[in-house]
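What follows is a single structure, written as structure tokens, with notes after it.
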Amino acid sequence: PPFALNRKKEYGNVNAAGYVEWLMPFAGEIRRVLRDDGSFVLDLGGTWNKGVPTRSLYHYEVALALTRNLFHLAQEFYWYNPSKLPSPAEWVTVRRIRVKDAVNTVWWFSKTEHPDADNRRVLTAYSESMEKLLENGYKAKQRPSGWDISENFSRRHEGAIPPNLLRIANTESNGQYQRACREAGLKVHPARFPYGLPEFFVRFLTRPGETVLDCFAGSNVTGRVSEDLERRWIVCELSEEYLAGSRFRFGDMAAPA
DNA sequence: ATGTTACCCGAAACAGAATG
DNA sequence: CATTCTGTTTCGGGTAACAT
């Protein structure tokens with residue numbers, strides 16, 4: 001959904017005060033259509049209290065409200081976008097009393113305590129040092145921190161289990177969607193997901209043939225990802241112009257209706 | 001009193017082209 | 001094929017000046 005930014009984007013943002021009240025009706029409907037073992041993933045960027053260099057707690061208020069009686073919090077993730085600009089400028093680059101804000105919280109909610117999930121679908125390559133460790137062997141013993149590390153630790157699996165910090169740069173500049181929008185004179189959506197973000201959660205939390213819903217679709221990266229991963233998908237978007245542009249993600253180069 | 005616009009400030013990543 | 005270069009992108013904030 002749109003974040004509670006002080007500087008509004010062209011699609012219009014909601015203020016931090018009242019954000020929970022605004023979001024709750026959507027959350028209720030999402031719960032209604034969600035399978036019992038389904039997941040609800042919510043990407044919420046942070047924001048600042050107007051006029052002062054202190055942080056709003058609105059995204060935590062959202063999490064508290066949603067876990068009161070609608071959802072369980074399965075896990076929280078952080079999307080780290082290393083290519084974020086050093087902003088907000090007033091506090092970060094002018095007065096230099098804060099550092100740049102480069103993570104979004106991504107809340108993973110579920111209807112029951114055991115949503116369908118499998119981290120073997122999102123394994124990553126082993127790090128260089130883990131590769132060395134697997135090559136040279138590993139001495140099983142109790143570590144100083146108290147961890148009991150067994151021989152099993154030197155077994156090579158299919159890959160490394162990812163952390164809940166997702167490092168995904170958002171720098172795409174010349175994709176099919178952007179080029180086609182420019183040619184057609186349609187506005188490029190000003191806040192798109194990098195492909196890898198929805199990809200991670202669709203892989204992790206759904207299986208082929210299952211259905212993904214994005215009710216704040218924007219330029220429909222989620223739909224494109226779901227299509228590629230052979231999931232069924234349904235998206236909603238308020239702006240017909242963004243929806244028209246999103247058709248370019250599917251090779252539909254005809255002038256959108 | 002309230003809304004609008006211009007201005008200011010700056011770091012890193014990455015795709016794709018060019019070069020070695 | 002590996003490296004280097006080029007162009008483009010990124011869910012901002014306050015403030016001053018001006019308009020309604």
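The values are calculated or read from the model by the stated rules, or taken from the named source; none is laboratory data. These figures come from a predicted structure and were not determined experimentally. In this analysis, Cβ positions are derived from the backbone assuming ideal geometry, glycine residues included, and neighbour counts consider all displayed protein chains. The area values use the complete protein model at the heavy-atom level, side chains included, leaving out ligands, DNA and RNA. Shrake-Rupley method; radii C 1.70, N 1.55, O 1.52, S 1.80 Å.
Things worth noting here:
- A:Glu113 being charged (D, E, K, R), assigned to a strand (DSSP E or B) and in contact (Cβ under 8 Å) with a residue 12 or more places away in the chain: no
- Test: residue in region A:131-139 that is within 27 Å of the chain's Cα centre (by Cα), more than 16 Å from DNA strand B (Cβ to nearest atom) and in a helix (DSSP H, G or I): no
- Checking each residue in region A:17-44 for being free of Cβ contacts under 8 Å to residues at least 60 places away in the same chain and either closer than 17 Å to A:Asp101 by Cα or not assigned by TED's automatic domain parsing to the domain that holds A:Glu90 (or both) picks out no residue at all.
- Selected residue (criterion: farthest from A:Tyr58 (Cα to Cα)) from residues of region A:9-26 that are open to solvent by less than 60 Å² (accessible area, probe 1.4 Å) and not in a helix (DSSP H, G or I): A:Gly12
- Some residue of region A:120-135 being at pLDDT 95 or above and in contact with a helix residue (DSSP H, G or I) (Cβ under 9 Å, 6 or more places away or on another chain): yes
- The set of residues in region A:189-211 being more than 16 Å from DNA strand B (Cβ to nearest atom) and loosely packed, with under 15 Cβ neighbours inside 10 Å consists of A:Arg207, A:Pro208, A:Gly209, A:Thr211.
- Residue check: A:Ser173 meets all listed conditions (1) surrounded by 13 or more Cβ atoms within 10 Å (Cβ to Cβ); (2) assigned to a loop (DSSP other than H, G, I, E, B); (3) among the hydroxyl-bearing types (Ser, Thr, Tyr) but one, namely (1).
- Within the span defined as region A:237-252, one or more residues are in contact (Cβ under 8 Å) with a residue 24 or more places away in the chain, within 26 Å of A:Thr105 (Cβ to Cβ) and in a loop (DSSP other than H, G, I, E, B).
- Among the residues of region A:44-64, those that are open to solvent by less than 20 Å² (accessible area, probe 1.4 Å) and in a strand (DSSP E or B) comprise A:Leu44, A:Gly45.
- Yes/no for A:Pro208 being at pLDDT 95 or above and out of contact with any Pro (no Cβ under 8 Å at 6 or more places or on another chain): yes
- Candidates in region A:99-130 are the residues that are within 16 Å of DNA strand B (Cβ to nearest atom) and charged (D, E, K, R); of these, the one that is most open to solvent (accessible area, probe 1.4 Å) is A:Lys100.
- Test: A:Asp101 is part of a loop (DSSP other than H, G, I, E, B) and over 24 Å from A:Arg203 (Cα atoms): yes
- The set of residues in region A:76-98 that are open to solvent by 70 Å² or more (accessible area, probe 1.4 Å), under 24 Å from the mean Cα position of the chain (by Cα) and more than 9 Å from DNA strand C (Cβ to nearest atom) comprises A:Tyr78, A:Tyr80.
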